[in-house]
Amino acid sequence: MTSDVITFPPDLIDRLRTAHHVVVSTGAGVSQESGIPTFRDSLDGLWEIFDPEQLATLEAFQRQPDLVWGWYEFRRAQVNKCQPNPAHLAIAALAGKVRRLTVITQNVDNLHERAGSKDVIHLHGSLHDPICTYCGQSYTLLAGEPEVGETGGRMPPPKCPSCGGMIRPGIVWFGEMLPEEELERAQAAALHCDVFFSVGTSVVVYPAAALPFIAAEQGACVVQVNTDPTGLDAYASYLLVGKAGEVLPALIAAI
Ligand code: BV8
Ligand code: ZN
């Protein structure tokens, strides 16, 4: 009977115990065990006829605002029904085990924050912070559940209370620049950290995907936590193959 206790190389544990700055950079895989589909999972229900890369663009929003707004409200309702999973909780607990921790995410859900992580760098925005396309003001979403049916569906975006402009999701779409300050902070963290975790990301979408390579280039210990291989495999110091919700709690407990 093989033990299901996960063991880790002693020098990885030592690296974490002595590190001055640890970075954890996450993708959709860290929220998968909370029940949120990843980008590689095909969209289901009403959305299966759409490709996320086609929907997640300014052009799609301008052409079909009700469809794109409805998709994001459907996803926000999905996130509101989910809970942070043990991976999010382990990342939050890591902050109390290492000297300095920076959490970076490509995800647009708020599960890191709901798990207790502080000052999370959102490179691609958030489902929970829509803005006005005209005046840029933040828009406060109505409390409670977005009114979307089980399969979502077309919903007209709200109008800005200040200027009447159309409200859009506070999301960085394909072809859009990332928020400058967040990107600079993330790149600086990759440049100066001792240990860089890449968790649950296929390492495909740039410039976020460049971060683990920047860290490897400057000599950081790069650790990938993923169920599957990615383009980072050959550059990582450690490949922890498995579900983030199982690997991370075991790793944090071993520090
Ligand atoms: C930019 C918000 C400068 C949206 C996202 C043509 C024109 C313009 C730009 C480009 C172009 N061609 C290429 C580009 C650049 C483009 C890009 O990189 N494209 C890729 C497809 C090649 N990038 C951009 O457009 C960026 N902006 O470059 O601006 C510019 C401007 C104008 C002109 C030129 C350049 C903006 C990119 C941001 C897009 N927005 N998100 C939304 O959420 O709706 S991207 C979105 O997709 C995510 O945020 C994330 O970044 C990416 C999905 O990746 P992952 O998170 O990794 O998820 P994925 O499903 O792929 O993988 C999950 C992984 O988890 C897998 O490895 C799996 O094995 C693993 N896993 C699953 N379960 C578990 C697990 N691991 C552990 N445990 C588990 N349980
Ligand atoms: Zn406005």
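Just so it is clear, none of the values below were taken in a lab; they were calculated from the coordinates. Values in this document were obtained by computation on a predicted structure and should not be read as measured data. Counting neighbours? That spans all protein chains shown, and the Cβs are built from the backbone with ideal geometry, glycine included.
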**OP:** May I ask you to list the chymotrypsin sites (Phe, Trp or Tyr not before Pro) in region 150-255 that are in a DSSP loop and have at most 16 other Cβ atoms within 10 Å of their Cβ?
**Re:** 174
Subject >> For region 48-95 versus region 190-255, the gap between their alpha-carbon centres in whole angstrom >> reply: 23
**OP:** Multiply the residue separation of residue 20 and residue 174 by 0.36 nm, subtract the distance between their alpha-carbon atoms, and state the gained length in nm to one decimal.
**Re:** 52.0 nm
**OP:** Using a cut-off of under 19 Å, list every residue of region 25-39 whose amide N is near the label point 7 Å from the Cα of residue 53 along the Cα-to-beta-carbon line.
**Re:** 27-29, 38-39
Subject >> Computed magnitude of the charge dipole of region 105-233 (debye, nearest 20; Cβ of K, R +1, Cβ of D, E -1) >> reply: 360
Original post:
In region 55-140, which chymotrypsin sites (Phe, Trp or Tyr not before Pro) are in a loop and have at most 15 other Cβ atoms within 10 Å, using DSSP for the loop call?
Top reply: 134
Original post:
Under a GNM of the chain (C-alpha, springs under 10 Å), which listed residue has the highest mean-square fluctuation: 104, 13, 49?
Top reply: 49
**OP:** Just grab the label-to-label distance for residue 143 and residue 166, each label 7 Å out from Cα along the Cβ direction, in nm (one decimal).
**Re:** 3.0
Original post:
Taking the Cα centre of the chain as origin and charging only Cβ (+1 Lys, Arg; -1 Asp, Glu), how large is the dipole, in debye to the nearest 20?
Top reply: 560
Subject >> Whole-angstrom gap from region 167-181 to region 111-161, using each part's C-alpha centre >> reply: 13
**OP:** Sticking with the crude label model, points 7 Å out along Cα→Cβ, report the distance from residue 5 to residue 254 in nm, one decimal please.
**Re:** 1.1
Original post:
With each label point set 7 Å from Cα along the Cα-Cβ vector, what nm distance links residue 159 and residue 217?
Top reply: 4.8
Original post:
When we measure straight from the Cα of residue 118, which lysines land under 28 angstrom away, once same-chain ones fewer than 8 places off are left out?
Top reply: 81, 97, 243
Original post:
Under the Karplus relation 6.51 cos²θ - 1.76 cosθ + 1.60, θ = phi - 60°, what is the ordered set of whole-Hz ³J(HN,Hα) values for region 71-84, x standing for Gly and Pro?
Top reply: 5, 6, 5, 5, 5, 5, 4, 4, 5, 4, 8, 9, 10, x
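Below 8 Å, C-alpha to C-alpha, sequence gap of six or more: please give me the relative contact order for the chain in percent.
Taking the mean separation of contacting Cα pairs over the length of the chain, I get 25 percent.
Specify, per residue and in Å³, the volume enclosed by the convex hull of the alpha carbon atoms belonging to the chain.
136
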